[in-house]
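Novice: Here it is: the structure, laid out below.
The values are calculated or read from the model by the stated rules, or taken from the named source; none is laboratory data. Remember, it's a predicted structure, so these values are computed and weren't measured experimentally. Virtual Cβ from ideal backbone geometry, glycine too; neighbours counted across all protein chains shown.
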Amino acid sequence: MRKVIFERSSKGIENSFLPDINVDIEDYIDKELLSEGKIGLPEVGEQDIVRHYINLSKLNFSVDNGMYPLGSCTMKYNPKINEEIAAYREFADIHPYFPIDDVQGMMEILYKSQEYFKDISGLSAVTLLPSAGAHGELAGNFIIAKYFKDKGENRTKMLIPDSAHGTNPASAFMAGFTSITIHSDKNGDIDIDDLKANLDNNVAGIMMTQPNTLGIFDSHFTEIANLIHSVGGIVYMDGANMNAMLCHVQPGKIGADIMHFNLHKTFSTPHGMGGPGSGPVAVVDFLSDYLPIPVVERNNGNYYFNYDLKNTIGSIKEGYGNVGVVVKSLVYMMALGREGLKEATDIAVLNANYIKESLKDYYHLEYPGLCKHECVFDNSYQKENGIKTLDIAKRLLDYGFHAPTIYFPLIVHEAMMIEPTETESKETLDNFIEVMKKIAREAKENPEILKNAPNNTPVRRLDNVAAARHPILKWEKEGNTEV
Ligand SMILES: *Cc1c(COP(=O)(O)O)cnc(C)c1O
């Protein structure tokens, strides 16, 4: 039975090798601020502490110990040197209140990053302030709302395809819009007729993910953008999937007016509980003075923060964004260069199609066409034996793979969304494919093993609802059901 650190405590064990300090603490801290009792930290020797946490860490799955095919999240391997550079004291120890003249190097990094994202997006101005994709969406929607308010127009509708990430309607709602769902057609593109039926002068814009969450590049993007523009609306492109088009397509050139990047998906920052993220937003020229403040500008070789944007939506974040993440992304972009980024995209797309083609006879594809960086299967070939997508995902854990994203996008019933990313080797992809085939065979021959999976992980299948509502935060002791 695994113990929590408090259960490892033995009275009197200490790790302090320093003599007691020879001062009266009450000379320095007001008596009423001092706690009366003991704070009750566990008393455990250093070696046991180290073993405790190392063993705990081995229970976890991470991209450092196996493939993580989580669609929509881009869980790729990120070069450790980028982390190391971002952690240099010269970057990490800078405080936002330092005089700007003393931190011109960091200012140059921010400026250069803005320029790179302008170039990649094909748009005119960039803010690095948002902390994540959803935060970027929110900033973008605030910009759209303010733009129409300043024009004296009361537009309330934000069009959002049914394949969208849940953050899209949420961001639109928070900026005061009503989200209108636009259906997809049988190819997974936006249904143009449905779009046209919803077009009028009340449309503030559209939020379109490109390529979308089916991994499909909507070939009508420009036509859709033109339709939105024809009623005076704004085209917001959700750029969470930019790893499928980097340096091949500039969104601004195909009709996007605003877009966000997810640096923690595309540009070398670990995603999901890996620390802070960053969601820079790029805008078209006529929206450039709506950006949140400040933006970094240059004058005679000197970098400074410009707080003086005429129509700015104001401040959206303390400091200047999550600059450590921005440093990593700039290192990544400079190391790869334009051709390297292009190649990363090529390989991401190749890998996804390799998996799709290798598994298409084993798992059903609702949208079988060429995909971009991810592909979406479902359980149609397995369901006759009562196998759900959840069972397949859980069985993958038994074979040492993380589960893919499941039950998203919502328009595919029992969806299983796989994104290999560009950083997995062919050997790993082949292993993954073999295991998926094996699971497809098991689904026919031995469905119970899937229904009970995972069978050999530290924690077996959780009751999701109970786990969310009544989390057990402590390992149960023998004969002790106290939680
Ligand atoms: C991840 C993602 C988002 C949200 O980004 P966060 O950084 O998680 O807030 C939005 N749209 C799509 C398509 C995504 O994949």
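Novice: The conditions are (1) assigned to a helix (DSSP H, G or I); (2) among the acidic types (Asp, Glu); (3) away from the ligand (no atom under 16 Å from the Cβ); (4) under 22 Å from residue 228 (Cβ atoms), and residue 153 fails exactly one of them. Which is it?
Specialist: So the condition that residue 153 fails would be (1).
Novice: Quick check on residue 180: is it more than 16 Å from the ligand (Cβ to nearest atom), assigned to a strand (DSSP E or B) and without any contact (Cβ under 8 Å) to a residue 40 or more places away in the chain?
Specialist: Yes: the conditions hold for residue 180.
Novice: Go through segment 253-296 and give me each residue that's over 20 Å from residue 419 (Cα atoms), small (Gly, Ala, Ser) and surrounded by fewer than 23 Cβ atoms within 10 Å (Cβ to Cβ).
Specialist: 255, 275, 288
Novice: Ok, one more. Out of 350, 397, which single residue is touching a Ser or Thr at 6+ places or on another chain (Cβ under 6 Å) and in a helix (DSSP H, G or I)?
Specialist: 397
Novice: Would you say residue 392 is part of a helix (DSSP H, G or I), crowded, with 22+ Cβ neighbours inside 10 Å and not assigned by TED's automatic domain parsing to the domain that holds residue 247?
Specialist: yes
Novice: Have a look at 140, 136 and point out the one that is touching a strand residue (DSSP E or B) at 6+ places or on another chain (Cβ under 6 Å), more than 11 Å from the ligand (Cβ to nearest atom) and in the same structural domain as residue 278 (by TED's automatic domain parsing).
Specialist: Matching residue, one of 140, 136: 140.
Novice: Go through segment 192-218 and report how many residues are within 27 Å of residue 74 (Cα to Cα) and of a type in the set (D, E, K, R).
Specialist: Total meeting the criteria: 1.
Novice: Residue check: is residue 332 at pLDDT 95 or above and buried (at least 20 other Cβ atoms within 10 Å of the Cβ)?
Specialist: For residue 332, the condition - at pLDDT 95 or above and buried (at least 20 other Cβ atoms within 10 Å of the Cβ) - is met.
Novice: Then there is this: Which members of segment 226-241 meet the condition of being touching a residue at least 40 places away in the same chain (Cβ under 8 Å) and either in contact with a Gly (Cβ under 9 Å, 6 or more places away or on another chain) or not assigned by TED's automatic domain parsing to the domain that holds residue 153 (or both)?
Specialist: Scanning segment 226-241 gives 228, 233, 234, 236, 238, 239, 240, 241.
Novice: If you don't mind, another one. Evaluate segment 288-297: report whether one residue or more is within 14 Å of residue 117 (Cα to Cα) and within 24 Å of the chain's Cα centre (by Cα).
Specialist: For segment 288-297, residues within 14 Å of residue 117 (Cα to Cα) and within 24 Å of the chain's Cα centre (by Cα): present.
Novice: Hey, among 81, 49, 85, 29, which residue is in a loop (DSSP other than H, G, I, E, B) and of a type in the set (A, V, I, L, M, F, W, C)?
Specialist: Going through 81, 49, 85, 29 in turn, the sole match is 29.
Novice: Would you be able to tell me the number of residues in segment 1-28 that are farther than 26 Å from residue 458 by Cβ and surrounded by 10 or more Cβ atoms within 10 Å (Cβ to Cβ)?
Specialist: Number satisfying all stated conditions: 3.
Novice: Based on this model, can you work out whether residue 215 counts as within 16 Å of the ligand (Cβ to nearest atom), part of a loop (DSSP other than H, G, I, E, B) and either under 30 Å from residue 334 (Cβ atoms) or at pLDDT 95 or above (or both)?
Specialist: For residue 215, the condition - within 16 Å of the ligand (Cβ to nearest atom), part of a loop (DSSP other than H, G, I, E, B) and either under 30 Å from residue 334 (Cβ atoms) or at pLDDT 95 or above (or both) - is met.
Novice: Testing residue 361 on (1) touching a residue at least 24 places away in the same chain (Cβ under 8 Å); (2) closer than 21 Å to residue 429 by Cβ, one condition comes back false. Which one is that?
Specialist: (1)
Novice: Okay, next question. Quick one: which strands (runs of 3 or more DSSP E) sit completely within segment 242-345 and have at least 3 residues that are in contact (Cβ under 8 Å) with a residue 24 or more places away in the chain and within 16 Å of the ligand (Cβ to nearest atom)?
Specialist: Ranges flagged: 258-261.
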